[in-house]
1. THR180 versus (1) of a type in the set (Ser, Thr, Tyr); (2) in contact with a Leu (Cβ under 9 Å, 6 or more places away or on another chain); (3) closer than 21 Å to LEU57 by Cβ: which is the lone unmet condition?
2. Restricting attention to segment 140-161, does a residue exist that is more than 25 Å from PRO56 (Cβ to Cβ), buried (at least 20 other Cβ atoms within 10 Å of the Cβ) and at pLDDT below 85?
3. Do we find that GLU58 is in contact (Cβ under 8 Å) with a residue 60 or more places away in the chain, within 30 Å of ILE124 (Cα to Cα) and buried (at least 17 other Cβ atoms within 10 Å of the Cβ) in this structure?
4. Evaluate the following for ALA240: is it under 26 Å from ILE39 (Cα atoms) and surrounded by fewer than 16 Cβ atoms within 10 Å (Cβ to Cβ)?
5. What number of residues within segment 234-270 are more than 17 Å from THR217 (Cα to Cα) and basic (Lys, Arg)?
6. Being more than 27 Å from LYS201 (Cβ to Cβ) and either among the aliphatic types (A, V, I, L, M) or not assigned by TED's automatic domain parsing to the domain that holds PRO273 (or both) is the filter here, so list the residues in segment 225-259 that pass it.
7. Report whether or not GLU65 is assigned by TED's automatic domain parsing to the domain that holds ASP138 and either modelled with pLDDT of 90 or more or in contact with a Phe, Trp or Tyr (Cβ under 7 Å, 6 or more places away or on another chain) (or both).
8. I need a count of the residues in segment 190-201 that are of a type in the set (Gly, Ala, Ser), surrounded by 16 or more Cβ atoms within 10 Å (Cβ to Cβ) and in contact with an Asp or Glu (Cβ under 8 Å, 6 or more places away or on another chain).
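The values are calculated or read from the model by the stated rules, or taken from the named source; none is laboratory data. These numbers come from a predicted model, not from an experiment. Methodologically, a virtual Cβ is constructed for each residue, glycine included, from the backbone with ideal geometry; neighbour enumeration extends over all protein chains shown.
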Amino acid sequence: MRSNLHALDAELHVHIHELIQPGSQDLQALFSRDLEGAIPLANDTSFGVGYAPMSPLELLVLAAERCINGRNREHDHPAWGEDVKIMGVRRGDVTSLTVACAMIGRHIADIDDYLAEKVNVEKIVRELALQHGFSRCDVSVNAADDPSSGSIYLTVTGTSAEAGDDGEVGRGNRVNGLITPCRPMSLEAAAGKNPVTHVGKIYNIVAREIAESLVATVPEIAAAQCLMVSRIGAPVIRPALVQIKLAMRDGIPVDKVTRCVEDIIAERLSRVPKLIDDFVTGTIAVF
């Protein structure tokens, strides 16, 4: 908590109640069974999905969130909290971004100071919009504010979790950092799942990597979607189904790239044991 919320005093603001309980006996046995072999066994029958490439709007939304949260939080706009949400909508050539950024009270002198911080957020987002090719972009920061009545997005810790709006594992965020209802999406929230056998975590990453690799390495492919289905108790490197959907360039038939696609899938599946190690060491980000 100290490393992720710069305004939170972990000793003063947080009480930790340890309520960890044993999991299902059957799933514990399945997990132990996987330790006897080299390849972990899937602990659920589920699916993961991935796609590539991201759209310009998706890239803008992700860049804006990363810019706001990626600064030196102690010295660069310390009034901005880490609780940042961005909704992007495009209508033709007009784009609108609604930005929620929790402000931290002790770094703000008065209402004018608060409004100035909102302007600073808006300025950064507008600049990013221009850089991403969106010349017509409407930006609204903390849109529910009513300064005349004193109703503004002001917090102690920089997150609305302090008021009970904690969101647990996130409001549907997927492993690419976005919530994309018009894209193929898994129903699995990757955060909070065990990284060794839980396919809801593992397959979402692998499916994304397969889609990204197809677009990056096969020139004939303009866009790709990957869906992977697991079967409980089966080795995680042997999914029950891998479905690929491709958008080809210049009307090129799919069968021209079938072998390349199969090779990329096999190569990515062979990396799953290394992927699990990366999960455990924390080198893979999961939103």
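1. With respect to (1) of a type in the set (Ser, Thr, Tyr); (2) in contact with a Leu (Cβ under 9 Å, 6 or more places away or on another chain); (3) closer than 21 Å to LEU57 by Cβ, THR180 is out only on (2).
2. No; the residues of segment 140-161 include none that is more than 25 Å from PRO56 (Cβ to Cβ), buried (at least 20 other Cβ atoms within 10 Å of the Cβ) and at pLDDT below 85.
3. So GLU58 passes the test.
4. yes
5. Within segment 234-270, residues that are more than 17 Å from THR217 (Cα to Cα) and basic (Lys, Arg) number 1.
6. Selection gives ALA247, MET248, ILE252, VAL254, VAL257.
7. Against the criterion (assigned by TED's automatic domain parsing to the domain that holds ASP138 and either modelled with pLDDT of 90 or more or in contact with a Phe, Trp or Tyr (Cβ under 7 Å, 6 or more places away or on another chain) (or both)), GLU65 qualifies.
8. 1
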